[in-house]
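The numbers here are math on the coordinates, done by the rules we state, and not lab data. None of the values given here were measured: they were computed from a predicted structure. Cβ: placed from backbone, ideal geometry, glycine included. Neighbour counts: every protein chain shown.
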């Protein structure tokens, strides 16, 4: 009960709940339409989805300032790659949220002259850049952990000896390549299994990536798939709020 009380007290948590509901509606609307539901029912689900989206925009007002503060903190990280990736990610997120605030003002009637399509495209571009940087950071973390894990195995000697023996048995270059890929895959799975925060961050960013790709027309996906990806990433985000140890740090 205590984690849930702490969860519900955070505006970010409420925004994540609305996000999960929004993409759940998108998924439900696509399923209803595919199964031949009446146009009225589908329209109501789509309207609910739009209201949830507007509510999320309201909760994200002022989020740009938080993102800028996070970027300031990231500048002082000792690791050069992490410093670059996190600072750039937070800056892109700040721009994305700023565009989102403009969209909210337009939809709320405070700035009716706002070009919704232009600002929406601009917002999704910043969102896409932030996700690409986040995935780059994840790849860097994975590579560093894989090298550390491989180094530990070489120190023990047993695993390295088995790998060398297997390589000697390989007679052709293609076999050696296949063996190396197999060993790398095993190492990758071991690293991700041993680091749940990193695994969740990779899955969340990978799911989110399809949303701006679809909105920008770079990679078209079905509404059901986009809804499923958004719902999955929202659930993963909620997990990291309920259980802070699952959030990737820094």
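Can you give the angle from 0 to 90° between the axis of helix 39-59 and the longest principal axis of the chain, with both taken from C-alpha atoms, to the nearest 10?
80 degrees
For residue 68 and residue 121 in the same chain, what is the full-extension length gain: residue separation times 0.36 nm, less their Cα-Cα distance, in nm?
Stretched fully, the residue 68-residue 121 segment lengthens by 16.9 nm.
What is the Rg over Rh value, at two decimals, for region 1-130, using alpha-carbon atoms and the Kirkwood definition of Rh?
Taking Rg over the Kirkwood Rh, I get 1.06.
Once you put a point 7 Å from the Cα of residue 110 and another 7 Å from the Cα of residue 189, both along the Cβ direction, what distance in nm separates them?
Taking the two extended label points, one gets 5.1 nm.
Quick check: the angle from helix 158-169's long axis to the longest principal axis of the chain, C-alpha only, nearest 10 degrees?
That helix lies at roughly 80 degrees to the long axis.
Nearest 10 degrees is fine. How inclined is helix 116-156 to the longest principal axis of the chain, computing both from alpha carbons?
Relative to the chain, helix 116-156 is tipped by roughly 20 degrees.
Once you treat every alpha carbon in the chain as an equal point and sum by Debye, what is log10 I(q)/I(0) at q = 0.08, 0.13, 0.17 Å⁻¹?
For the chain, the Cα-only Debye profile gives -0.42, -0.94, -1.37.
Once you place label points 7 Å from the Cα toward the Cβ at residue 225 and residue 148, how far apart are they in nm?
Here the modelled spin labels are 3.5 nm apart.
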